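The values are calculated or read from the model by the stated rules, or taken from the named source; none is laboratory data. Values in this document were obtained by computation on a predicted structure and should not be read as measured data. Note: ideal-geometry Cβ built from the backbone for every residue, glycine included; neighbour counts use all protein chains shown. SASA here: full protein model, heavy atoms, side chains in, ligands and nucleic acids out. Shrake-Rupley method; radii C 1.70, N 1.55, O 1.52, S 1.80 Å.
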Amino acid sequence: MTFSIIGRCPETGQLGIAISSSSIAVGARCPWVRAGVGAVATQNVTLPALGPQILDLLDTQQLEPASALDRALSSNGWSQYRQVTVIDSQGRVALFSGSEALGTHNAVAGEQCAAAGNLLSGPEVIEAMVQAFEAAPGMLADRLLAAMHAAMAAGGEAGPVHSAALKVVGDLTWPIVDLRVDWADEDPIGQLDGLWQAYRPQMQDYLTRALDPTAAPSYGVPGDE
């Protein structure tokens, strides 16, 4: 029903997630990122609370990902239904797939990344994601999306994919990339990639507008001079 990749860029320190699902609006429930702290994908029978709880444990209690993941799972119960991946600001990862994870499932750690999925066409889908992320050039968002395309090429989910999301944080307190396709009858990952290609050349402009309005480029709307 869901597959995802979390990753870190060692050059910029950016952290991010790309995720897709057969369910509607996966980006509203499953991807969680916090600048300078980490990223969490919580999926399968999703408990959204796990995302911020794990990030809090990484942040305020300085726990390693495995310890933060274990504590959050044990404090909430029903862990056998959860599938969760965690990466921290140093690139350390932790993975968990409960005994009730749906269908064919897998979770794999890679270099500065981790991927997981359930109701897959085969376990090799997740291995392909890690390999693609490790080999892909470009910005973190490009590498995360390369992993998603690799997943689809390897067979993707057992059924159709309908939603997808991409989140990336850098040095700022808010995400520098936060894009979602909440429902598409066909190719939500392709549509998400199209959103990124449209947003990418404008991303720095929006950061400039936020940080130094006097240097902001034109909005390109009537009345803007």
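Let's see how each residue does on (1) among the acidic types (Asp, Glu); (2) under 15 Å from residue 30 (Cα atoms); (3) in contact with a helix residue (DSSP H, G or I) (Cβ under 6 Å, 6 or more places away or on another chain):
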{"position": "59", "(1), (2), (3)": "yes, no, no"}
{"position": "80", "(1), (2), (3)": "no, no, no"}
{"position": "88", "(1), (2), (3)": "yes, no, yes"}
{"position": "92", "(1), (2), (3)": "no, no, yes"}
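Of all residues in the range 14-72, those satisfying the criterion of being in contact with a Gly (Cβ under 9 Å, 6 or more places away or on another chain) and on the phi > 0 side of the Ramachandran plot are 36, 44. Considering 141, 114, 132, the condition of being under 16 Å from the mean Cα position of the chain (by Cα) and free of Cβ contacts under 8 Å to residues at least 24 places away in the same chain is satisfied by 132 alone.
Any residue in the range 202-219 that is without any contact (Cβ under 8 Å) to a residue 24 or more places away in the chain, hydroxyl-bearing (Ser, Thr, Tyr) and in contact with a Leu (Cβ under 8 Å, 6 or more places away or on another chain)? No, every residue in the range 202-219 fails to be without any contact (Cβ under 8 Å) to a residue 24 or more places away in the chain, hydroxyl-bearing (Ser, Thr, Tyr) and in contact with a Leu (Cβ under 8 Å, 6 or more places away or on another chain). Remark: residue 28 matches the filter, which requires a residue to be open to solvent by 10 Å² or more (accessible area, probe 1.4 Å) and touching a residue at least 60 places away in the same chain (Cβ under 8 Å). If the condition is being touching a Pro at 6+ places or on another chain (Cβ under 6 Å) and either surrounded by 23 or more Cβ atoms within 10 Å (Cβ to Cβ) or modelled with pLDDT under 95 (or both), then the range 46-92 contributes 86, 88.
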